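Just below is one structure, and these are the notes that go with it.
The values are calculated or read from the model by the stated rules, or taken from the named source; none is laboratory data. Just so you know, these numbers come straight off a predicted model, no measurement behind them. Ideal geometry is used to build each Cβ from the backbone, glycine not excepted, and the neighbour counts take in all protein chains shown. For the accessible areas, the whole protein counts, side chains as well, though only heavy atoms, and no ligand, DNA or RNA atoms are used. Shrake-Rupley method; radii C 1.70, N 1.55, O 1.52, S 1.80 Å.
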Amino acid sequence: MIKANNNIAVMAPYASATFEVAKGKSLVSLAQNESFLPSSKRALTAGQRAAEEMVLYPDSSYQQLRSSIAKVHGLDAEKVLVSAGSMELIFALGQAYLSPSRSALSTQYSYAFFRTATALAQAEFVTVPEPDLTVSVEHLLLAVSDNTSIVFVANPANPCGTHIPKSDLVRLRAELRDDILLVIDEAYGEFADAIDEPTFDLVSGGNTVVLRTFSKAYGLAGARVGWGYFPTDVKAELQKIINPGSVATVSQAMATAAMEDQQSMERLCQETTEIRSWFTAEARALGLEVPTSLTNFVLVCFADAQTAADADKALRQEAIVLRGMAGYGLPQALRATIGTKDQMAFVIDTLRKFLGA
Ligand SMILES: Cc1ncc(COP(=O)(O)O)c(C=O)c1O
């Protein structure tokens, strides 16, 4: 029998959400941080048109998409790199800059794929505490070692939803050694853009990268398009790893049109934010702890792990699926993606009945 390399054989598969619910009810899927609103109509039209060109390979230079991104964000298109979801960029960063002798540093509840990408590079993944479920620059700086090679920070963070100000990231960068790559993952950045300055300028220092995605605020999770802003030499190394043309023609066309329709994205963020604020207040009124989120989801913390598991069961009886957080070391919590107002009201009603509140 052929066996996989040992480092792969010992790894657990990346854990996706599970959707077992009571039969006969329609599924309310709030487990994957997808948008409840569709992407821009212009993106849908562009995708339909691009479907006619599928006989050809995609443009592997992503010229149109990179120039739209650069124009909207005031960036240099030469430093923009596009990928099949930002996960592909995180994977490539691990391959390029981590190894058994070069470790990654992140926080206790950091995005799970940072750990996976690190394991795939056979590197050590070191984590530091997150007091108040929030990234702490002090803790990160204290844990830097001689072989730290990447520091991963998602801001806003998944699964906690919390945000640190740009000034913290500036300080982190200033105090990290120059040969450490700071990866700022802004998968939910558009939800926070209204309250903080962009971080793209940090890239000019040569050892910081900023990642974004079309999966969240642009409502295009199914298109699989991520992008990042990179120092030129970092981009060149990643391009050796990423499959050329990994973003399909239809996806490129949809993402380009979505980027050129900022109004639609801003409306999506605004509506999500309104429902998120309402849901947070209602959940807190039920006595649940909910950290302030700047994303399209919230972390709902119960009294203990058993209560969270029972709440999950009660929700699944109504075909509502939130994401269990035991894999993140937060067994007392469930993560709720923000859905429509009706869906979120249904979650609150179900939790109210469950808690007897
Ligand atoms: C913090 C964070 N980074 C990256 C990703 C991956 O996004 P993409 O769909 O672009 O691969 C996610 C998805 O949930 C995320 O939460």
State all residues of segment 159-179 that are open to solvent by less than 10 Å² (accessible area, probe 1.4 Å) and touching a residue at least 40 places away in the same chain (Cβ under 8 Å); if no residue qualifies, say none. Pro159, Cys160, Gly161
Restricting the search to segment 208-226, which residues are over 12 Å from the mean Cα position of the chain (by Cα), buried (at least 17 other Cβ atoms within 10 Å of the Cβ) and not β-branched (Val, Ile, Thr)? Tyr218, Gly219, Leu220, Ala223, Arg224
Scan segment 132-146 and tell me whether some residue there is touching a residue at least 40 places away in the same chain (Cβ under 8 Å) and among the acidic types (Asp, Glu). yes
Test set (1) more than 26 Å from Leu268 (Cα to Cα); (2) buried (at least 22 other Cβ atoms within 10 Å of the Cβ); (3) of a type in the set (Val, Ile, Thr) - Thr232 fails condition number: (2)
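For segment 72-104, which positions are of a type in the set (Val, Ile, Thr) and either open to solvent by 10 Å² or more (accessible area, probe 1.4 Å) or not assigned by TED's automatic domain parsing to the domain that holds Val151 (or both)?
Matches in segment 72-104: Val72 only.
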When segment 112-153 is checked residue by residue, the ones that are surrounded by fewer than 22 Cβ atoms within 10 Å (Cβ to Cβ), within 16 Å of the ligand (Cβ to nearest atom) and over 19 Å from Ile8 (Cα atoms) are Thr127, Glu130, Leu133, Thr134
Identify the single condition in (1) within 16 Å of the ligand (Cβ to nearest atom); (2) surrounded by fewer than 17 Cβ atoms within 10 Å (Cβ to Cβ) that Glu190 does not satisfy, given that it satisfies every other one. (2)
Quick one: what pairs do we get from segment 218-230, first residue assigned to a helix (DSSP H, G or I), second among the hydrophobic types (A, V, I, L, M, F, W, C) and within 10 Å of the ligand (Cβ to nearest atom), C-beta under 7 Å, 6+ apart or different chains? Ala223/Phe214
Scan segment 88-107 and report the pairs whose first residue is more than 22 Å from His139 (Cβ to Cβ) and whose second residue is among the acidic types (Asp, Glu) and at pLDDT 95 or above, with Cβ atoms within less than 7 Å and a gap of 6+ or a chain change. Ala96/Glu237
Test result for Phe200, aromatic (Phe, Trp, Tyr) and more than 10 Å from the ligand (Cβ to nearest atom): yes
